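Colleague: Starting off with a structure, shown below.
The values are calculated or read from the model by the stated rules, or taken from the named source; none is laboratory data. What you see is a predicted model, and the numbers here were worked out from it, not measured in a lab. Backbone-built Cβ (ideal geometry, glycine too); neighbour counts: all protein chains shown. These accessible areas exclude ligands, DNA and RNA; they are computed on the full protein's heavy atoms, side chains included. Shrake-Rupley method; radii C 1.70, N 1.55, O 1.52, S 1.80 Å.
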Amino acid sequence: MKTIITILFAKLIRRKNKKWISNPVKWQAKTFNKLISSASNTSFGKDHAFSKIESYDDFKKQVPIRDYEALKPYVDKVVAGEKNILWPGKPLYFAKTSGTTSGAKYIPITKESIKTHVNSARDALLNYFLKTKNYNPVNGKHMFLQGSPTLEKKNGVYLGRLSGISAHYVPKLFLKNRKPSWSTNCIDDWEEKVDKIIEETVGEKMTIIAGIPSWVQMYFEKIKSQTNQDVGTLFKNFSLFVYGGVNFEPYKSVFKNLIGRSVDTLELFPASEGFFAYQDIPNQEGLLLLLNNGIFYEFIRVDEIQQENPKRYTLGEVEMGVNYALILSTTAGLWAYNIGDTVRFVSIAPYRLVVT
């Protein structure tokens, strides 16, 4: 029954997604207009005359490229509990990440942007099921190695790591199949947590395992040392490894050795600032750039980024094979924000990229 529901839902989502995949530039224009109108009465919107912005050229004149340090005066007001600063109202969460120059970074996540994180992860899995016809994982246990879902509160807004925040939004369809237990997920000590996860997963019908490769590698190594078995032998039904955040190439041979056989992989491109792309064709280079997630993308050529006023490119202007810095404006209130990642397009129909 669960397989049938998954197939029907996956086909529905595929039909919906075809709308923006087949009209990418139009969809970006729609997103741009919605973002500007939604935030025109915020402090940032007033400071940058959003009410007078009628085109992308106006936006470029009014809103310079910023990194976290440059946006921090606004973020600090949001963190202090002020409303309507970068986006209407207050955010639901702050995703706490490590900053390079100013210590911790607090990235706002709003009720609009959290939906895109959840839906994008869901769509990536549903797309995988449809493309591979491998529905076996649906009926097994799924394990996501993640940060603690225990959240602090800062001036009325919940604060935690993105993976911990995401733990509160597991789709009901997969909730009963989730590992580890909530109490184990809340353990702060990493060694203790991994030992407890092993205790809860060994002997279970594990089908999907997800997480940052370095974390999952530690989990696999501990399993192998404790059971003296390859992960693929112990988990006979394990067929999909989902990862994101790093280049998997250096881990490939290590994982194959630990698992003892081949399993499918699914690459995602999530960050605290948004969920940007996922691998939509198995075993093929390139991640589908997501245009249904409330993000307006701009790009700056890496070889031009040190110029005083580097040219800003919209999605319709990018070329394949060029290294670009990724610039975002989002429903979380990040505006012309340089996330610090660089990408290269390997396809423009549809738009697929690799993280460089």
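Rundown of residues vs (1) open to solvent by 30 Å² or more (accessible area, probe 1.4 Å); (2) over 27 Å from D188 (Cβ atoms); (3) of a type in the set (F, W, Y), yes/no style:
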| residue | (1), (2), (3) |
| --- | --- |
| K46 | yes, yes, no |
| Q62 | yes, yes, no |
| I85 | no, yes, no |
| S120 | no, yes, no |
| L126 | no, yes, no |
| S148 | no, no, no |
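Colleague: Separate question: Which of (1) open to solvent by 10 Å² or more (accessible area, probe 1.4 Å); (2) touching a helix residue (DSSP H, G or I) at 6+ places or on another chain (Cβ under 9 Å); (3) within 29 Å of V63 (Cβ to Cβ) is the odd one out, the single condition P282 does not satisfy?
Modeller: Single failed check for P282: (3).
Colleague: Residues in the stretch 220-260 that are farther than 21 Å from A124 by Cβ and not hydrophobic (A, V, I, L, M, F, W, C): how many?
Modeller: 17
Colleague: Go through (1) in contact with a Lys or Arg (Cβ under 7 Å, 6 or more places away or on another chain); (2) in contact (Cβ under 8 Å) with a residue 24 or more places away in the chain one by one and return the number of the condition E112 breaks.
Modeller: (1)
Colleague: Moving to a separate point now. Looking at A325, A332, A277 in this structure, which one is open to solvent by less than 20 Å² (accessible area, probe 1.4 Å), within 18 Å of the chain's Cα centre (by Cα) and under 20 Å from N17 (Cβ atoms)? Before the answer, list the steps.
Modeller: Details: A325 fails: under 20 Å from N17 (Cβ atoms); A332 fails: under 20 Å from N17 (Cβ atoms).
Within the list A325, A332, A277, the selection yields A277.
Colleague: A further question on this structure: Across the stretch 162-200, what is the number of residues that are of a type in the set (A, V, I, L, M), more than 22 Å from the chain's Cα centre (by Cα) and farther than 23 Å from D230 by Cβ? Break it down into steps so the answer makes sense when it comes.
Modeller: Taking the stretch 162-200 as the starting set, the residues that turn out to be of a type in the set (A, V, I, L, M) are 162, 165, 167, 170, 173, 175, 187, 194, 197-198.
Among the residues that remain, those that are also more than 22 Å from the chain's Cα centre (by Cα) are: 187, 194, 197-198.
When the remaining residues are screened for being farther than 23 Å from D230 by Cβ, the result is 187.
The qualifying residues number 1.
Colleague: Run V254 past the list (1) within 18 Å of I197 (Cβ to Cβ); (2) within 26 Å of the chain's Cα centre (by Cα) and report the number of the one that doesn't hold.
Modeller: (1) is the only condition that V254 fails.
Colleague: Considering only residues of the stretch 87-110 that are β-branched (V, I, T) and farther than 19 Å from W335 by Cβ, which is most open to solvent (accessible area, probe 1.4 Å)?
Modeller: In this case the residue turns out to be T100.
Colleague: Still on this model: Residues in the stretch 40-50 that are part of a helix (DSSP H, G or I) and either acidic (D, E) or over 17 Å from T331 (Cα atoms) (or both): how many?
Modeller: As a first pass, look at the stretch 40-50 and keep what is part of a helix (DSSP H, G or I): 43-47, 50.
After this cut, where a residue has to be either acidic (D, E) or over 17 Å from T331 (Cα atoms) (or both) as well, the list is 47.
Residues in the stretch 40-50 being part of a helix (DSSP H, G or I) and either acidic (D, E) or over 17 Å from T331 (Cα atoms) (or both): 1 in total.
Colleague: Across the stretch 287-317, what is the number of residues that are open to solvent by 10 Å² or more (accessible area, probe 1.4 Å) and either touching a helix residue (DSSP H, G or I) at 6+ places or on another chain (Cβ under 9 Å) or closer than 19 Å to Q28 by Cβ (or both)?
Modeller: 11
Colleague: I36: closer than 30 Å to N134 by Cβ and either assigned to a helix (DSSP H, G or I) or free of Cβ contacts under 8 Å to residues at least 60 places away in the same chain (or both), yes or no? It would help to see each step written out before you state the result.
Modeller: Details: closer than 30 Å to N134 by Cβ: no; either assigned to a helix (DSSP H, G or I) or free of Cβ contacts under 8 Å to residues at least 60 places away in the same chain (or both): yes.
It is false that I36 is closer than 30 Å to N134 by Cβ and either assigned to a helix (DSSP H, G or I) or free of Cβ contacts under 8 Å to residues at least 60 places away in the same chain (or both).
Colleague: Determine which single condition S113 fails, assuming it passes every other condition in (1) open to solvent by less than 50 Å² (accessible area, probe 1.4 Å); (2) of a type in the set (G, A, S); (3) more than 27 Å from D280 (Cα to Cα); (4) in a helix (DSSP H, G or I).
Modeller: For S113, the failing item is (3).
Colleague: List the strands (runs of 3 or more DSSP E) inside the stretch 294-356, counting only whole elements, that have at least 1 residues being under 21 Å from I107 (Cβ atoms) and at pLDDT below 95.
Modeller: Of the strands (runs of 3 or more DSSP E) lying wholly inside the stretch 294-356, those with at least 1 residues that are under 21 Å from I107 (Cβ atoms) and at pLDDT below 95 span 337-348, 351-355.
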